[in-house]
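I have placed the structure first, in the form of structure tokens, so that the comments after it can refer back to it.
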Amino acid sequence: MLRCWKTVLSALSYSTTASATTRMFQEKGIRTITLCDAKTRNSLSLSTMNEIINHLTTNDGDPGLRCILLRAEGPVFSSGHNLKEFDSSKKGTEEQREVFAACTRLMLQVVASPVPVVAVVDGLAAAAGCQLVAQCDISLCTPNSTFSTPGASFGLFCSTPGIAVARTVNRKMALRMLLTGLPITAEEAYLAGLVSKVVMAESLDSELKTITDAIESKSRSVISLGKKFFYQQIERDLQTAYQLGEETMVNNLSLRDGQEGIKSFIEKRKPTWEHS
Amino acid sequence: MLRCWKTVLSALSYSTTASATTRMFQEKGIRTITLCDAKTRNSLSLSTMNEIINHLTTNDGDPGLRCILLRAEGPVFSSGHNLKEFDSSKKGTEEQREVFAACTRLMLQVVASPVPVVAVVDGLAAAAGCQLVAQCDISLCTPNSTFSTPGASFGLFCSTPGIAVARTVNRKMALRMLLTGLPITAEEAYLAGLVSKVVMAESLDSELKTITDAIESKSRSVISLGKKFFYQQIERDLQTAYQLGEETMVNNLSLRDGQEGIKSFIEKRKPTWEHS
Amino acid sequence: MLRCWKTVLSALSYSTTASATTRMFQEKGIRTITLCDAKTRNSLSLSTMNEIINHLTTNDGDPGLRCILLRAEGPVFSSGHNLKEFDSSKKGTEEQREVFAACTRLMLQVVASPVPVVAVVDGLAAAAGCQLVAQCDISLCTPNSTFSTPGASFGLFCSTPGIAVARTVNRKMALRMLLTGLPITAEEAYLAGLVSKVVMAESLDSELKTITDAIESKSRSVISLGKKFFYQQIERDLQTAYQLGEETMVNNLSLRDGQEGIKSFIEKRKPTWEHS
């Protein structure tokens, strides 16, 4: 019976994994991770962060996986860490440290994922929730979404959220957010570089399809190589970046799909990717 | 009589220090440094820069100090250096060098200040005046404000202003400003990341109150720790930044006000900060 | 006869050099390099890139040269590399490597040029064409212009274009462009920092004149010193940048035109530059 269902699921090309606080669903190449713990405002407790890491990494070497979406249920995308995990009368320093270590693992896994990770925000993204949006490769939000890093209001400055925020948002806006904790609007977030695009709620699905179609129309191995190089080169000086870039371009052309892309262009036909 | 006044001043929680070119005024936690040398277009002469450094550092370890505002009288926020100090027929190389060394000390003191430093611009900020705005943590301006780095028009390229400008403004706009010297509008400055917000002149005081209230509602020691870490992490690679960030978060939680913030959140009450 | 023409040309202060794919024209201090190979959508073949490098470097030490414009004929500013040069069945790895090495030389020559290099876009700038725009010091575009980095659609991720793009465009927009290959509008390009200004097609010439007049009104040697320092300081930490900046300012003041600028300001007269 179990095997039967597996066959059915496989035929339908989707799979679902669920827990109390997150849900993973994959249809064809698009995996959707949904924060579904609205009663805690989708707080990023230690267990929730470990679940997201699991959802990100499960079978992530499968050539069929092409893109990961991060979504949330309820009016809050994520309110950030679960502050109860920081009460020193109940949790020791080592337990607190483990929460931040998991947060780092989560953020670096978004970067390390071989496929693009896209945040889809329709509500408030605060503190480590805002960090998660800032750390994703691409992020979309609806006009009513807001973003804040208000940790200092609860005695804990958003130092780690600032790491992701300050690497995409200009400094004057990043420090206004971090030092005041005041929220910014979707429009301000777009202008400052925190989100890639603001999309009306009713257009969100079609905009997402435009993005995932664009990604799925390409070779997974080429996208993977390009994403990896992007995060390498932005941390190097210009000359070194270009030296490494030359090597990367030559390596890209030596991929099977690199040559297939070039040949299909010259022969004016659609490419057939092997994603390798 | 003097002591009597001091008592009165202390009771009123404000103090004033004034010179020919700058004025310092502190009311409760908010210190305002005002450039009041409109006849030189608030030029940043060596003595004026040293005065501002003094205003920034005087009793800056006092837990009562929470935020510093940088304002100006007259239509020009600041026109930058006093060019007379660069006439080689009257000033030697060592004297010129001392001007730039003071400028560096001023800029690094803004960064090193344990409290947020906010520039409030209502007019033209040019050259080192524009640098000062760019170097502040947060900056506001009115719609009629303009910004420029026109040093090359006077034979002295705005090389040092470019250091602050290029760290918050995107490169295409920074180089347009530096290579042409042409002014940009308040709106362009906001979109490019030079100011945190554009505010109508009649709303400036209420917007400033929103910002200073937000800062004053938090713990000074938490804000101070967070500001210091921000300027550390933005100069590190992502992985190192996160490693240092984990330590910073754990250290933050070990502060008295760190735990007070967490406990007040859990107990659903207002926190009582000791600012330590 | 030839010498006669040379004399005439010199008297008219302009010169023209042309090939099949590019054209160079210099009138007074403004050199215009035009991509004129519309039939290949101004592709940046190896020979075209080498021509542009030649146009950039020819007599670039001449004090009369003050600014270089990069323009294009036809609806496409440039479509990027000539993909036929990447067909491994016809070109070996060393030949491919030479294309990317030339691309690096071109980009670094834009940075190394002693005068400002301004891209003027009226159409599509794609892949390495978009890279060229991003690498220029200043860039203007018309409202109908679009920008994309669609290399992955042809099997070759825009890894090297991403180097220039990510150094002026915020990260969320850079990765949206690179991972999806979808084009962005002129307005999006301006807001994200890819172009310095969007200008109506009918105003392009007057806006260009404003920019080149501003550059020509200054000393070439001062602009050159400032441009060189800009690209040095943005790759250093803040404190080192300011230390180097102090030296640069003192050196600037020791230039003949540095002192002429200061003196002309004090004496309230127009400066007379020697550009040295």
### Message
Suppose we filter C:Ser113, C:Ser139, C:Ser159 for residues that are buried (at least 24 other Cβ atoms within 10 Å of the Cβ) and under 25 Å from C:Ser221 (Cβ atoms); which single one remains?
### Response
C:Ser139
### Task
Residue by residue through region A:100-110, note down the ones that are open to solvent by less than 10 Å² (accessible area, probe 1.4 Å) and more than 9 Å from every other protein chain (Cβ to nearest Cβ).
A:Ala102, A:Leu106, A:Val110
### Query
Failed condition for B:Leu225, given (1) part of a helix (DSSP H, G or I); (2) open to solvent by 10 Å² or more (accessible area, probe 1.4 Å); (3) among the hydrophobic types (A, V, I, L, M, F, W, C); (4) farther than 19 Å from B:Val111 by Cβ, with all others met?
(4)
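Could you tell me whether B:Tyr231 is of a type in the set (Ser, Thr, Tyr), closer than 28 Å to A:Gln109 by Cα and modelled with pLDDT of 95 or more?
yes
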### Message
Anything in region C:7-44 that is closer than 21 Å to C:Arg66 by Cα and either part of a loop (DSSP other than H, G, I, E, B) or modelled with pLDDT under 95 (or both)? List them, or say none.
### Response
C:Leu9, C:Ser10, C:Ala11, C:Leu12, C:Ser13, C:Tyr14, C:Ser15, C:Thr16, C:Thr17, C:Ala18, C:Lys28, C:Gly29
## Note on the structure
Conditions (1) closer than 30 Å to B:Ile211 by Cβ; (2) surrounded by fewer than 23 Cβ atoms within 10 Å (Cβ to Cβ) -> A:Leu179 fails only (2)
### Message
Take the conditions modelled with pLDDT of 95 or more and buried (at least 23 other Cβ atoms within 10 Å of the Cβ) and apply them to B:Ser148. Does it pass?
### Response
yes
### Task
Please specify each residue of region A:182-191 satisfying the condition of being open to solvent by 10 Å² or more (accessible area, probe 1.4 Å) and either aromatic (Phe, Trp, Tyr) or in contact with a Phe, Trp or Tyr (Cβ under 9 Å, 6 or more places away or on another chain) (or both).
A:Pro183, A:Thr185, A:Glu188, A:Tyr190, A:Leu191
### Message
Condition check: part of a loop (DSSP other than H, G, I, E, B), at negative phi and of a type in the set (S, T, N, Q). Does C:Ser89 satisfy that?
### Response
yes
### Task
Answer yes or no as to whether A:Ile211 is surrounded by fewer than 16 Cβ atoms within 10 Å (Cβ to Cβ) and within 7 Å of chain C (Cβ to nearest Cβ).
no
### Query
C:Thr248: closer than 20 Å to C:Ser113 by Cβ and assigned by the TED database to the domain that holds C:Gly64, yes or no?
no
### Query
Does region A:91-99 include one or more residues that are open to solvent by less than 10 Å² (accessible area, probe 1.4 Å) and either of a type in the set (A, V, I, L, M) or under 27 Å from A:Ile215 (Cβ atoms) (or both)?
yes
### Task
Considering each residue of region B:194-209, count those that are of a type outside the set (D, E, K, R) and within 17 Å of the chain's Cα centre (by Cα), and give that number.
6
### Task
Give B:Leu35, B:Leu69, B:Leu56, B:Leu46 a once-over and let me know the one that is surrounded by 23 or more Cβ atoms within 10 Å (Cβ to Cβ), aliphatic (A, V, I, L, M) and outside the structural domain of B:Lys227 (by the TED database).
B:Leu35
#### Entry: Scan of region A:221-231 for residues that are within 7 Å of chain C (Cβ to nearest Cβ) and among the charged types (D, E, K, R), ordered by number
A:Lys227
### Query
Which one of these does C:Gly61 not meet: (1) more than 14 Å from chain A (Cβ to nearest Cβ); (2) open to solvent by 50 Å² or more (accessible area, probe 1.4 Å); (3) closer than 17 Å to C:Gly151 by Cα?
(3)
#### Entry: Per-region count, region B:162-176, residues closer than 15 Å to C:Ile215 by Cβ and open to solvent by less than 10 Å² (accessible area, probe 1.4 Å)
1
### Query
In region A:232-276, which residues are in a loop (DSSP other than H, G, I, E, B), surrounded by 18 or more Cβ atoms within 10 Å (Cβ to Cβ) and within 7 Å of chain C (Cβ to nearest Cβ)?
A:Pro271
#### Entry: Residue in region C:80-93 that is among the charged types (D, E, K, R), modelled with pLDDT of 95 or more and within 23 Å of C:Ser113 (Cβ to Cβ) present
no
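The values are calculated or read from the model by the stated rules, or taken from the named source; none is laboratory data. None of the values given here were measured: they were computed from a predicted structure. Methodologically, a virtual Cβ is constructed for each residue, glycine included, from the backbone with ideal geometry; neighbour enumeration extends over all protein chains shown. Surface areas here come from the heavy atoms of the whole protein model, side chains and all, with no ligands, DNA or RNA. Shrake-Rupley method; radii C 1.70, N 1.55, O 1.52, S 1.80 Å.
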